[in-house]
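Laboratory data are not the source of any read-out in this text; all were calculated from the coordinates shown. Just so we're clear, the structure is a prediction, and the values are computed from it rather than from any experiment. Positions of Cβ are backbone-derived with ideal geometry, glycine not excepted, and every protein chain shown enters the neighbour counts.
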Amino acid sequence: MNCLTVRNLISAYIDCELDPDQRRELRNHLFHCQECNQEYEQLVSIKNCLENSCQEPIDFNLLEALYARIESEKIAIIPHPNGFYWGSRILMIAACLTAFFLATFMLYPLNQKSTAQNNLSFSSTGMMDQNITIDQPVNVYQASFVLP
Amino acid sequence: MTVAQSVVRAKPVSDQIASFESMVLTHEKALYQFAYRLCGNHHEAQDLLQEGLYRAYKSFAKFETRTAFDRWLYQIIHNLYIDHYRKKKRRPAVTSIDEPIQHLETEKTVEIADWTLNPENQAMRSELGDQIQRGLEELSPEYRTAVILCDIQGLSYEEISQVLNCSIGTVRSRIHRGRKMLRRLLLPYIQEKGVAQA
Ligand SMILES: [Zn+2]
């Protein structure tokens with residue numbers, strides 16, 4: 001290992017980030033080379049200096065500040081509470097029921113029963129072989145099936 | 001979804017919030033230290049940390065419990081810093097090791113002359129902190145982050161490479177070059193005061 005290689009690896013050596021072989025070689029070099037050893041000592045003192053730098057205190061409540069902001073923006077961490085599912089389910093059922101009743105009223109207008117019976121009575125003469133009694137109430141489907 | 005499923009689904013919300021809070025409380029000092037060393041003042045550090053934490057909270061559902069919470073936040077904070085705070089810096093970032101020698105040498109001698117007027121131990125320690133901060137501010141953000149994460153936050157090269165999303169070789173060279181730049185500013189002070197030798 002020459003001086004140039006050693007100097008490029010000194011920081012990694014200080015941080016124990018070299019593999020054992022490189023580490024051994026570098027240690028031997030530092031033992032014999034005063035210039036590289038001086039470089040090593042200086043960089044170690046820089047690292048120590050940073051490691052020993054004083055901790056800056058926090059003078060505010062981090063979580064409180066966070067929740068104040070979230071409260072102001074109305075953000076939820078998981079945006080689907082259970083109510084959402086039941087709410088949508090009830091809406092779906094309500095929509096189905098509405099559609100059902102609408103369809104029923106369209107198919108069975110209140111004044112249609114008598115009209116259907118009248119229609120049947122007009123054509124009843126040719127329909128005796130179909131076993132349909134014209135006096136009984138007949139719904140629209142049966143009427144359309146029966147009528148020519 | 002059945003009622004049973006919805007109960008199971010509801011439980012992690014409070015669990016998640018509780019674990020988020022406990023992780024914040026565990027790491028808040030280290031995170032603030034990181035933000036402070038990046039920004040160099042309490043006001044910006046507070047803003048940066050709060051913004052980082054807010055982003056983390058919003059995407060906490062995506063946080064994988066296998067990864068370390070502090071490293072995840074270091075990454076968020078670093079990215080925020082690079083995105084939003086870098087532009088605010090008045091002075092252009094130093095990118096070459098050789099370039100800033102003269103500039104640093106002259107600036108440093110003036111500052112050290114001022115500090116020798118104030119010989120108390122406590123004051124010296126905070127002076128050292130200021131000196132370190134000035135030194136760190138001379139580094140470009142990438143170098144600064146690498147050095148802070150290694151020497152102040154105590155992360156390994158591999159962990160730093162995950163935070164900075166770069167190779168271990170890049171981390172190694174950034175730390176080495178960053179330290180050599182810091183040496184120009186800090187070494188005369190260290191030798192004069194005899195600090196950091198213990
Ligand atoms: Zn040598």
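Key figures
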| quantity | calculated |
| --- | --- |
| Averaged over B:179-189, number of beta-carbon atoms from partner chains that fall within 10 Å | 4 |
| Per-residue mean of C-beta atoms belonging to partner chains within 10 Å, peptide B:13-21 | 2 |
| Rounded to whole Hz, the Karplus (6.51, -1.76, 1.60) HN-Hα couplings of segment B:129-135, x for glycine and proline | x, 5, 5, 4, 4, 5, x |
| In order through segment B:20-26: 3J(HN,Hα) via Karplus (6.51 cos²θ - 1.76 cosθ + 1.60), integer Hz, x for Gly, Pro | 4, 4, 5, 5, 4, 5, 5 |
| Cα gyration tensor, segment A:3-52 - rounded (a/c under 1.5), prolate or oblate | oblate |
| Peptide A:57-64 - average C-beta neighbours from other chains (10 Å radius) | 5 |
| Highest average packing first - B:179-190, A:13-24, Cβ atoms within 10 Å | B:179-190, A:13-24 |
| Distance in nm between pseudo-label sites at B:Ile82 and A:Phe31 (7 Å out along the Cβ direction from Cα) | 4.2 |
| Residues whose placed amide H lies under 5 Å from that of B:Leu155, excluding near-sequence neighbours | B:Cys150 |
